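Working notes, beginning with the structure itself.
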Amino acid sequence: MNRKKKIIKLGRTGFSLIELMFLNESSRNIVTAANDAQYALEQIKAQSFSNIPAYISNYSPAQFTNLPNENITFPGPAYTATLDTITAQITWNERNAARTLAITTRCAQ
């Protein structure tokens, strides 16, 4: 039992400098993606309620270039007579892997 405790205590603790750099980059990218999604949703909310479906279908995703291969989509918006549910989904590449962040909002008439 004593031997097992010593092995656990001698185990690796903390992060290396490289790991911290990658975590910092990932955190910055998530914040950037969240800001971009929020910006797009604020533009949509600024539209008149009846114009939201047309605005989304014609939205120009090329305006986002803050992240590598960044793209914005609005998957499965739900439109009703009094409430629209819109999701802004941001995708980008990070260290040769695809990342995604989605934010949903509702617009009431």
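Relative to the dominant Cα principal axis of the chain, helix 17-45 is inclined by about 10°.
Could you provide, to the nearest whole Å², the per residue accessible area of the chain with probe 1.4 Å? Dividing the accessible area of the chain by its residue count gives 69 Å². The GNM of the chain, with springs linking C-alpha atoms under 10 angstrom apart, assigns the highest mean-square fluctuation among Thr32, Thr13, Thr82 to Thr13. Determine the shape class of the stretch 40-89: with a ≥ b ≥ c the square roots of the Cα gyration tensor eigenvalues, call it rounded for a/c under 1.5, and otherwise prolate if a/b is greater than b/c, oblate otherwise. The shape class here is prolate.
Solvent-accessible area assigned to carbon and sulfur over the chain amounts to 55 percent, based on a 1.4 Å probe. Note: the chain, Cα convex hull, 150 Å³ per residue.
Considering only Ala78, Ala97, Ala46, the mean-square fluctuation computed in a Gaussian network model of the chain, springs between alpha carbons under 10 angstrom, is largest for Ala97. GNM remark for the chain: springs join alpha carbons under 10 Å apart, and the peak mean-square fluctuation among Gln38, Gln89, Gln47 falls on Gln47.
Once the Cβ-Cβ distance of Thr82 and Asn35 is raised to the sixth power relative to R0 = 25 Å, the FRET efficiency obtained is 0.30. Within the chain, the longest run free of trypsin sites (Lys or Arg not before Pro) that sit in a DSSP loop with at most 16 other Cβ atoms within 10 Å is 13-94. Here is how the number arises for the chain: DSSP H runs of 4 or more residues each give -39500 (n - 2.57), the sum is divided by the residue count, and the result at 222 nm is -13000 deg cm²/dmol. With θ taken as phi - 60° and the Karplus curve 6.51 cos²θ - 1.76 cosθ + 1.60 applied, the whole-hertz 3J(HN,Hα) list for the stretch 66-75 is 6, 10, x, 6, 6, 9, 10, 9, 10, x Hz, x standing for glycine and proline.
Taking Lys and Arg as +1 and Asp and Glu as -1, the other residues whose beta-carbon sits under 15 Å from that of Ala88 total -1. If R₀ is 22 angstrom, what is the calculated FRET efficiency for the pair Ile103 and Leu17, using the beta carbon separation as r and rounding to 0.05? Taking R0 as 22 Å, the efficiency between Ile103 and Leu17 is 0.10.
The values are calculated or read from the model by the stated rules, or taken from the named source; none is laboratory data. These numbers come from a predicted model, not from an experiment. Reconstructed Cβ throughout: ideal geometry from the backbone, glycine too, with neighbour counts over all protein chains shown. Side chains included, ligands, DNA and RNA excluded: accessible areas come from the protein's heavy atoms. Shrake-Rupley method; radii C 1.70, N 1.55, O 1.52, S 1.80 Å.
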